[in-house]
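Encoded as structure tokens, the structure appears first; notes follow it.
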Amino acid sequence: MVNPMAGEVALVMDGDAYALKLTLGALAELEEALGAESLVDLVERFETGRFRTRDVMALLLAGLHGGGHPVRAEALLSAEIEGGPLEAARVAGLLLARAFAMPAAAG
């Protein structure tokens, strides 16, 4: 079970469910992996549909690491993602959206 309010997103990989999250460390890993000028560039690529498969894979890997799952890049490359490439892209986009969403005000 994932907690969307905490920025978590579910991914089923090789039949196992994972909670992914972009922590600050995971975001730093993501910037390094993609060589992005800024995370805003990455967000803009997703918003405009100009993202690449490499972007999706880097986001998923960073999200796995941020969620506490020490998955290696090689394992992710050979993994069977439930829902295929479209689900992988959806999860990656949702990870970005939830990482930068403003939390609801407590009242």
task = Name every residue in the range 47-75 that is crowded, with 19+ Cβ neighbours inside 10 Å and either under 12 Å from the mean Cα position of the chain (by Cα) or touching a residue at least 60 places away in the same chain (Cβ under 8 Å) (or both), in order of residue number.
result = D55, V56, A58, L59, L60, L61, A62, G63, L64, H65, G66, G67
ask   = Is it true that some residue in the range 7-15 is outside any loop (DSSP other than H, G, I, E, B), modelled with pLDDT under 95 and under 21 Å from A101 (Cα atoms)?
value = no
key: Matching residues in the range 30-46 - criterion: being assigned to a helix (DSSP H, G or I) and surrounded by fewer than 18 Cβ atoms within 10 Å (Cβ to Cβ)   = E31, E32, A33, L39, V40, D41, V43, E44, R45
inquiry  = So, E82, is that one more than 13 Å from D14 (Cβ to Cβ) and modelled with pLDDT of 95 or more or not?
reply    = no
query = Pairs under 7 Å by beta carbon, first residue farther than 11 Å from H65 by Cα in the range 14-25, partner modelled with pLDDT of 95 or more and exposed (fewer than 11 other Cβ atoms within 10 Å of the Cβ), six or more apart or different chains?
reply = D14/E80
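The values are calculated or read from the model by the stated rules, or taken from the named source; none is laboratory data. Note that the structure is a prediction, hence the values are computed from the model and not measured. Virtual Cβ from ideal backbone geometry, glycine too; neighbours counted across all protein chains shown.
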